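First comes the structure, then the notes that go with it.
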Amino acid sequence: MMKMMSISIRKATIEDIDVIVKIEESCFIDNWDFDTFYEILTSGSSFSLNKSNIHIYVATFEDIIIGYICFSINKTVGHILNFAVFRDYRNKGVGTKLLKNAINIMRENGCKRIILEVSTINENAISLYKKFGFKNKKILKNYYRMNDAYRFELIL
């Protein structure tokens, strides 16, 4: 069984995009494509945010990318934009380590609160966010193609 300590977290590079997209496609119906990640990692983003404000980190196990998290920092607000782990590596501490790393970076960069959107049917993610102290602030109707989302917030 994989131990949590054997998971490494590092900044994503352009060379990681193909695997990040595979994770996206395996986890989401409304997934981001190669061009979106490429734009974030190179010349800015389609979200009209300064590229330096968007961060992507990957989790690796034995040099294999098994998950990633993408978040933005806008003054005092952090926003988790995308976050996924390959199904075979879930419930092994990967998501916990990625989320903890992202929260620490946002805190170190002056964030006072963090927001995110999560599908109302994604029970594993909801449970993880609640474990970290995120609170459900509202329901966003038809946020995703197939269902609603919750807007969660964590006050730092």
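The values are calculated or read from the model by the stated rules, or taken from the named source; none is laboratory data. Quantities reported herein were computed from a predicted structural model and do not represent experimental measurements. We place every Cβ from the backbone using ideal geometry, glycine too, and count neighbours over all the protein chains shown.
A compact table of results
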quantity: Cβ pairs under 7 Å, 6+ apart, first in segment 11-38 and surrounded by 15 or more Cβ atoms within 10 Å (Cβ to Cβ), second part of a loop (DSSP other than H, G, I, E, B); calculated: 20/12; 21/33; 23/86; 24/31; 24/32; 36/46
quantity: Odd one out for residue 92 among (1) assigned to a helix (DSSP H, G or I); (2) in contact (Cβ under 8 Å) with a residue 60 or more places away in the chain; (3) not hydrophobic (A, V, I, L, M, F, W, C); calculated: (1)
quantity: Filter result for residue 87 (surrounded by fewer than 19 Cβ atoms within 10 Å (Cβ to Cβ) and either in contact with a strand residue (DSSP E or B) (Cβ under 9 Å, 6 or more places away or on another chain) or hydroxyl-bearing (Ser, Thr, Tyr) (or both)); calculated: no
quantity: So residue 150, is it modelled with pLDDT of 95 or more, under 29 Å from residue 11 (Cα atoms) and of a type in the set (Ser, Thr, Tyr); calculated: no
quantity: Residue satisfying all of: in segment 3-35; among the polar types (S, T, N, Q) and over 15 Å from the mean Cα position of the chain (by Cα); nearest to residue 104 (Cα to Cα) among these; calculated: 8
quantity: Among residues of segment 105-156, those that are part of a helix (DSSP H, G or I) and over 21 Å from residue 90 (Cα atoms), counted; calculated: 4
quantity: Index of the failed condition, residue 122 passing every other in (1) touching a strand residue (DSSP E or B) at 6+ places or on another chain (Cβ under 8 Å); (2) at pLDDT below 95; calculated: (1)
quantity: Segment 138-152: number of residues that are buried (at least 16 other Cβ atoms within 10 Å of the Cβ) and in contact with a Phe, Trp or Tyr (Cβ under 7 Å, 6 or more places away or on another chain); calculated: 2
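Conditions (1) at pLDDT 85 or above; (2) not basic (Lys, Arg), marked per residue:
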residue	(1), (2)
22	yes, no
27	no, yes
49	no, yes
55	yes, yes
62	yes, yes
66	yes, yes
